[in-house]
Amino acid sequence: MTAEARPAAAPLTERQEARRRGILRAGAQLAGRGGFEAVQMREVADAAGVALGTLYRYFPSKVHLLVAIMQDQLQRLHVTLRRQPPAGDDAAERVAGTLMLAFRALQRDPHLADAMVRALTFADRGVSGEVDAVSRLTTAIVLDAMGVADPTPDQLSVVRVIEHTWHSALITWLSGRESVAQVKRDIETVCRLIDTAADTG
């Protein structure tokens, strides 16, 4: 069955959700200690206190798990930003500030950041649902910072370019090929496209 044809999963019970959150915590802790390679499914199961078969029912692979961890991190960021919206004189400044806030959070845990970004890079069609969820969350965070509830096609195109630049900047920083200062310049530069979309919208 393809990802597109897979039926929607039934909502988790309270106990199942607690178990899932425990697995996410265990996976994040292992990734934080040693990056992508440190996340071994048997060790995740042991750390979360679940059977290996149970773990695989929630997350069929460590790529699924790490992409879900990134989704969880973004959800937490989204909640925080809605409580404390980013400051800035215009949309471009607010979006750049928001993305740099997220980047600084990743800086504090570079092994986890590397594991999540590598998982996104390795993800195939079997992980498309989880990857799409990460993309939707990123888009929602950017649109909130822009102050746009009903984006035009031009604005959505700009948001996609911003997301691509953000992802690329993370990869080059994690590989040691780009400094934090350069990441900031790249993000600020691409966010100026927001003004162009506003002019044509």
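The values are calculated or read from the model by the stated rules, or taken from the named source; none is laboratory data. Computed from a prediction, not measured in an experiment: that's the story for all the values here. Note that we place each Cβ from the backbone using ideal geometry, even for glycine, and neighbour counts take in every protein chain shown. All accessible areas refer to the heavy atoms of the entire protein, side chains included, with ligands and DNA or RNA removed. Shrake-Rupley method; radii C 1.70, N 1.55, O 1.52, S 1.80 Å.
Just give me the residues in region 140-167 being of a type in the set (A, V, I, L, M, F, W, C), farther than 19 Å from Thr189 by Cβ and open to solvent by 40 Å² or more (accessible area, probe 1.4 Å), in sequence order.
Ala149, Leu156
Taking the options Arg94, Arg118, name whichever one is of a type in the set (D, E, K, R), open to solvent by 50 Å² or more (accessible area, probe 1.4 Å), under 30 Å from Phe59 (Cα atoms) and touching a residue at least 12 places away in the same chain (Cβ under 8 Å).
Exactly one residue qualifies, and that residue is Arg118.
If the requirement is being touching a Gly at 6+ places or on another chain (Cβ under 6 Å) and on the phi < 0 side of the Ramachandran plot, which of these qualifies: Leu12, Leu24, Leu65?
After ruling out the rest, the residue left standing is Leu65.
Can you tell me which residue within region 55-83, out of those that are surrounded by 21 or more Cβ atoms within 10 Å (Cβ to Cβ) and of a type in the set (Val, Ile, Thr), is farthest from Val95 (Cα to Cα)?
Residue satisfying both the conditions and the ranking: Val63.
Scanning for something surrounded by fewer than 16 Cβ atoms within 10 Å (Cβ to Cβ), small (Gly, Ala, Ser) and under 18 Å from Arg104 (Cβ atoms), does region 180-188 turn up at least one residue?
Yes, there is a match, as at least one residue in region 180-188 is surrounded by fewer than 16 Cβ atoms within 10 Å (Cβ to Cβ), small (Gly, Ala, Ser) and under 18 Å from Arg104 (Cβ atoms).
Going by what's in this entry, would Leu52 be described as aliphatic (A, V, I, L, M), at pLDDT 95 or above and surrounded by fewer than 17 Cβ atoms within 10 Å (Cβ to Cβ)?
When the stated conditions are applied, Leu52 passes them.
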